[in-house]
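The values are calculated or read from the model by the stated rules, or taken from the named source; none is laboratory data. The model shown is predicted, which means the values in this text are computed figures rather than measured ones. Note that each Cβ is placed from the backbone with ideal geometry, even for glycine, and that neighbours are counted across all protein chains shown.
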């Protein structure tokens, strides 16, 4: 009886062409595309409006790096950098890394949709997702939380404190990577079980 049920199940999957894991791979790919779109919009906004003091992140980067808004008696004044060239280089690097994150994750998501029918091929496509997610975590977790938040004392900054958005972006990126990894591992285990 169990063999008959298993045969029926395989036949149903063959007819429909969609297993639970294929559906999960599609959903994960869409999740990756949503994350990619966030990074691409952020990069686009910063590229198309780079120095507007009211509508760009340029004043934010300058404020954090120069310590504008940190109490004068904090004892961390020696860490701050007022050199405009350094601030501009940091700003350009942030925009570049955000854009690279979006592009890599876009590739991972699109290839993931195209290759959702094959566990192996879908898994290979996710190298783009993991590469993009790593760059995104370098920007927001390492760059904003570690360097900006602690080295440049953003947590004490009354004017320029981006720790909450940086944490939000880090969690969004990490959850995307965890979701993709879980679907990848589950798909591979299911494939091995079927074989």
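Answer yes or no as to whether residue 170 is in contact with a helix residue (DSSP H, G or I) (Cβ under 7 Å, 6 or more places away or on another chain) and either assigned to a loop (DSSP other than H, G, I, E, B) or on the phi > 0 side of the Ramachandran plot (or both). It is false that residue 170 is in contact with a helix residue (DSSP H, G or I) (Cβ under 7 Å, 6 or more places away or on another chain) and either assigned to a loop (DSSP other than H, G, I, E, B) or on the phi > 0 side of the Ramachandran plot (or both). Pairing each residue of segment 110-127 that is farther than 18 Å from residue 36 by Cβ with any residue that is assigned to a loop (DSSP other than H, G, I, E, B), provided the two are 6+ apart or on different chains, yields C-beta distances under 7 Å for 121/115. Restricting attention to segment 25-71, the residues being at pLDDT below 95 and farther than 25 Å from residue 149 by Cα number 1.
Could we say that residue 96 is buried (at least 18 other Cβ atoms within 10 Å of the Cβ) and under 16 Å from the mean Cα position of the chain (by Cα) here? Taking the combined requirement at face value, the residue does not satisfy it. Filtering 183, 171, 139, 135 for residues that are more than 13 Å from the chain's Cα centre (by Cα) and either within 25 Å of residue 107 (Cα to Cα) or at pLDDT 95 or above (or both) leaves a single hit, 183.
Given the structure, is residue 86 under 13 Å from the mean Cα position of the chain (by Cα) and modelled with pLDDT of 95 or more? Answer is no for this residue.
The residue of segment 11-24 that is modelled with the highest pLDDT, among those that are assigned to a helix (DSSP H, G or I) and loosely packed, with under 13 Cβ neighbours inside 10 Å, is 23.
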